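Engineer: Got a structure for you, written out below as structure tokens; questions coming shortly.
The values are calculated or read from the model by the stated rules, or taken from the named source; none is laboratory data. These numbers were taken from a predicted model, which means no experiment stands behind them. Here Cβ is always computed from backbone atoms with ideal geometry, including for glycine, and neighbour counts include all displayed protein chains.
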Amino acid sequence: MPTVMFLVGPAGSGKSTASKLVAQRLGAAYIDKDTVATGFTEALLTLAGTDPHGRDDNAYYQDHVMDLEYDTIIKVATDNLALGMSVVLDAPFGRYLGRDSFVTETAARLGWGPDVRAVVVHIEVDGETIRRRLIERGVDRDAWKLDHWDEFWAKAGNVRCEWTDAHHVRLDNTGARPDVEGLIQLMDAS
């Protein structure tokens with residue numbers, strides 16, 4: 001049964017590290033929103049006359065580009081699922097986390113059959129660890145988050161995701177390396 005895994009958590013929570021390890025361990029396709037979309041996103045933002053690195057504070061990005069990014073990675077995932085390949089999606093999905101029917105709607109819109117299993121992996125990390133990781137990675141798109149830390153963390157640190165038609169598991173990623181084997185066991189049990 002092909003599985004689509006959504007590893008969700010705020011920027012700096014370790015989604016990329018955990019996603020790569022899970023994909024490698026399971027032999028699944030790994031789809032990173034940043035890898036897939038950053039080039040065209042920065043080009044679109046530049047053409048629109050906005051900051052190519054702005055996301056959280058960029059109305060043009062929020063209104064016109066972000067949904068395109070997510071639709072693109074979901075369609076790439078769908079192609080892999082149709083081939084019987086499991087997929088690990090590496091993206092925050094922030095805008096969509098509060099929409100409980102997101103998986104149900106996506107499956108219906110893209111024709112995922114009953115043989116596709118959706119698993120949401122909630123990456124859990126405390127705020128200070130995330131702040132430190134954002135500073136250490138030094139990426140331009142994190143500048144607003146760090147400059148407006150209290151505002152960012154008030155929102156990002158209190159996100160809930162209760163997507164229906166998906167299995168939910170949690171991964172504590174405060175340490176140096178996520179417990180991928182423990183995560184796989186939790187996924188198998190759910």
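Engineer: Please list, ordered by first then second residue, the pairs with beta carbon atoms under 6 Å, 6 or more apart or interchain, first in region 86-103 and under 14 Å from VAL119 (Cα atoms), second among the hydroxyl-bearing types (Ser, Thr, Tyr) and part of a loop (DSSP other than H, G, I, E, B).
Structural biologist: The qualifying pairs are ASP100/THR164.
Engineer: Taking VAL76 and the conditions (1) modelled with pLDDT under 95; (2) in contact with a strand residue (DSSP E or B) (Cβ under 9 Å, 6 or more places away or on another chain), which numbered condition does it fall short on, given that it satisfies the others?
Structural biologist: Of (1) modelled with pLDDT under 95; (2) in contact with a strand residue (DSSP E or B) (Cβ under 9 Å, 6 or more places away or on another chain), only one is false for VAL76: (1).
Engineer: Let me ask something else about it. Which of the numbered conditions does ALA107 fail, given that it passes all the others? Conditions: (1) of a type in the set (A, V, I, L, M, F, W, C); (2) touching a helix residue (DSSP H, G or I) at 6+ places or on another chain (Cβ under 9 Å); (3) surrounded by 18 or more Cβ atoms within 10 Å (Cβ to Cβ).
Structural biologist: The one condition ALA107 does not meet is (2).
Engineer: Which condition breaks for PRO92 when tested against (1) modelled with pLDDT of 95 or more; (2) within 19 Å of ASP32 (Cβ to Cβ)?
Structural biologist: (1)
Engineer: Looking only at helices (runs of 4 or more DSSP H) that lie completely in region 106-190, which have at least 2 residues being within 14 Å of PRO10 (Cβ to Cβ) and small (Gly, Ala, Ser)?
Structural biologist: Working: elements: 127-137, 143-147, 149-156, 180-189.
Per the criteria, 149-156.
Engineer: Same structure again: Restricted to region 143-190, and to residues that are in contact with a helix residue (DSSP H, G or I) (Cβ under 6 Å, 6 or more places away or on another chain) and under 19 Å from VAL103 (Cβ atoms), which residue is surrounded by the fewest Cβ atoms within 10 Å (Cβ to Cβ)?
Structural biologist: THR164
Engineer: Pull up region 146-163, narrow it to residues that are within 17 Å of the chain's Cα centre (by Cα) and of a type outside the set (Phe, Trp, Tyr), then point me to the one that is nearest to THR129 (Cα to Cα).
Structural biologist: In this case the residue turns out to be GLY157.
Engineer: Would you call ASP140 closer than 19 Å to MET5 by Cβ and either modelled with pLDDT under 95 or loosely packed, with under 12 Cβ neighbours inside 10 Å (or both)?
Structural biologist: In short, no.
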